[in-house]
Amino acid sequence: MELANDETPLEQGHVPEKVANRDTETQQLTQAAKQLHNIHLHGPRGTGKTHLTKKTLEKAEAKICYLSCIEYDTQYKALRKIYSELTGESIGTGHHTSELQRKIKERTGAVETIIVLDELDFLLLNDGDDLLYFLSRLETNGNLGLVLITANHQDLEEQVEPRTYSTLQPQRIGFEPYTGEQTYEILADRASKSLKPRTVHRAALTYIASSTQNTGYALTWFRTAVNNADDVVTEELVKRLQEKAYSLYVENQLSPLSQHHKILYQAITELSQESGPVINTGSIYNRYEIIAEERGSKPLSGRRISDYLKQLEQLNLISADYHYGGEKGKTREIRLASLQ
């Protein structure tokens, strides 16, 4: 980055000192965390939920255990990760679920603890709410609080069993999408902290900010333009790099997932380019099989790939229209998400 004095503020994972335009949400989360209340943060992708949580909990006196349910998408995986975060010790796979639950119960009752389950949508989709039921029923003398972060579910009461929700009862904190003006402020602030003077045109930032409400994509787009600029980031350059930037954003979103997710997304992309925006799941699976075999991977079952399609939908990389009735019962029509 020849234009940059410091590349860090342009990185998507960079957590700024202050999360812009989230004063009310910061106050709500700070107060709830102090009291170890269960909290549910919800809102579309790119609205600052994860950044705000990480920055706010830096000041908490409690032990913080953070995990992304994209990677830890079953109760067993999550329990192993929670134990490791709480103790600093790695733990093998030979332990029974009940044994892990017992070990965690012993640890959480002794010290104030906050467990953050980011991307909770993925765990609920893949494995149900058994982990939430266990954590919500722990007898910890008030020493445990849960922070639950979702992008696709506003009301957890509709997603979990009544027995789970009755003890969970989280305080809800909603995140609205950033406006174009707010997105511009975020980009301009990152630019001022990263770039040399007079290396970005205001119109370039305005164009990005008016094109997407997802700040994660906006930052990827801006960073791509900086990387490809000779001496200044212009509106023309930004427009020319939009598709490349979106491809990099998708690549980043897919990075924690399996190779089969990436093959599946490639299959959808190829079919979309060849035959139009709307694709049926049968065609997708056939193309997925071909690509998997070309890469030397054994294709997964149709049921498993159906689950993976739902996960790509959770990431807002594809959209699905469901149709009911007819000879085949419920069917899905898939299309790639738009650049916005």
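Starting from the Cα gyration tensor of segment 88-133, multiply each eigenvalue by 5, take the square root, and state the resulting semi-axes largest first in whole Å.
Whole-Å semi-axes of the equivalent ellipsoid: 20, 16, 11.
Please report the carbon-and-sulfur percent of the accessible area for the chain; probe 1.4 Å, protein heavy atoms only, DNA, RNA and ligands left out. Each step should come with its number before you reach the end.
Values: 7220 of 16940 Å².
The computed percentage sits at 43.
When the Cα atoms of segment 194-329 are enclosed in a convex hull and the volume is divided per residue, what value in Å³ results?
146
Please work out how much accessible surface Asp321 shows to a 1.4 Å probe, ignoring ligands, DNA and RNA, in Å² rounded to 10.
Taking all protein chains as shown, Asp321 has close to 70 Å².
Which value in deg cm²/dmol, rounded to the nearest 500, describes the helix-derived mean residue ellipticity at 222 nm for the chain, given -39,500 (n - 2.57) per DSSP H run of n ≥ 4 and division by the residue count?
-15500 deg cm²/dmol
So how much accessible area does Leu120 have, in Å² to the nearest 10, using a 1.4 Å probe?
The accessible area of Leu120 comes to roughly 0 Å².
Tell me, what is the Rg over Rh of segment 1-157, with Rh the Kirkwood radius over Cα pairs?
0.99
I'd like the Karplus ³J(HN,Hα) series for segment 265-278: coefficients 6.51, -1.76, 1.60, θ = phi - 60°, whole numbers in Hz, and an x wherever there's a Gly or Pro.
Once rounded to whole Hz, the list reads 5, 4, 4, 5, 4, 4, 5, 5, 6, 7, 10, x, x, 9.
Using the heavy atoms of the protein chains and a 1.4 angstrom probe, tell me the accessible area per residue for the chain in square angstrom.
Averaged over the residues of the chain, the accessible area is 50 Å².
Quick one, what does Rg over Rh come out to for segment 105-244 if you take C-alpha atoms and the Kirkwood Rh?
Working: Rg = 21.4 Å, Rh = 18.3 Å.
Radius of gyration relative to Kirkwood radius: 1.17.
Tell me, Kirkwood radius of segment 250-340 from alpha-carbon pair distances, in Å?
Roughly 13.4 Å, rounded to one decimal.
Just to make sure I understand: if all protein chains stay in place, what is the order of His42, His96 by accessible area at 1.4 Å, largest first?
The ordering from most to least exposed comes out as His96, His42.
Explain nothing, just compute: Karplus ³J(HN,Hα) = 6.51 cos²θ - 1.76 cosθ + 1.60, θ = phi - 60°, for every residue of segment 99-113 in order, whole Hz, x for Gly and Pro.
So the J values, rounded to whole Hz, are 5, 5, 4, 5, 4, 5, 4, 5, 6, 6, x, 9, 9, 4, 9.
Between the DSSP loop rule and a limit of at most 14 other Cβ atoms within 10 Å, which trypsin sites (Lys or Arg not before Pro) in segment 1-105 are left?
Lys18, Lys59
Debye calculation, C-alpha points only, no solvent: report log10 I(q)/I(0) for the chain at q = 0.10, 0.11, 0.14 Å⁻¹, in the same order as the q values.
-0.70, -0.84, -1.23
The values are calculated or read from the model by the stated rules, or taken from the named source; none is laboratory data. Being a predicted model, the structure only gives us computed values, none of them experimental. Cβ: placed from backbone, ideal geometry, glycine included. Neighbour counts: every protein chain shown. Accessible surface is based on the protein model in full, side chains and every heavy atom, while ligands, DNA and RNA are left aside. Shrake-Rupley method; radii C 1.70, N 1.55, O 1.52, S 1.80 Å.
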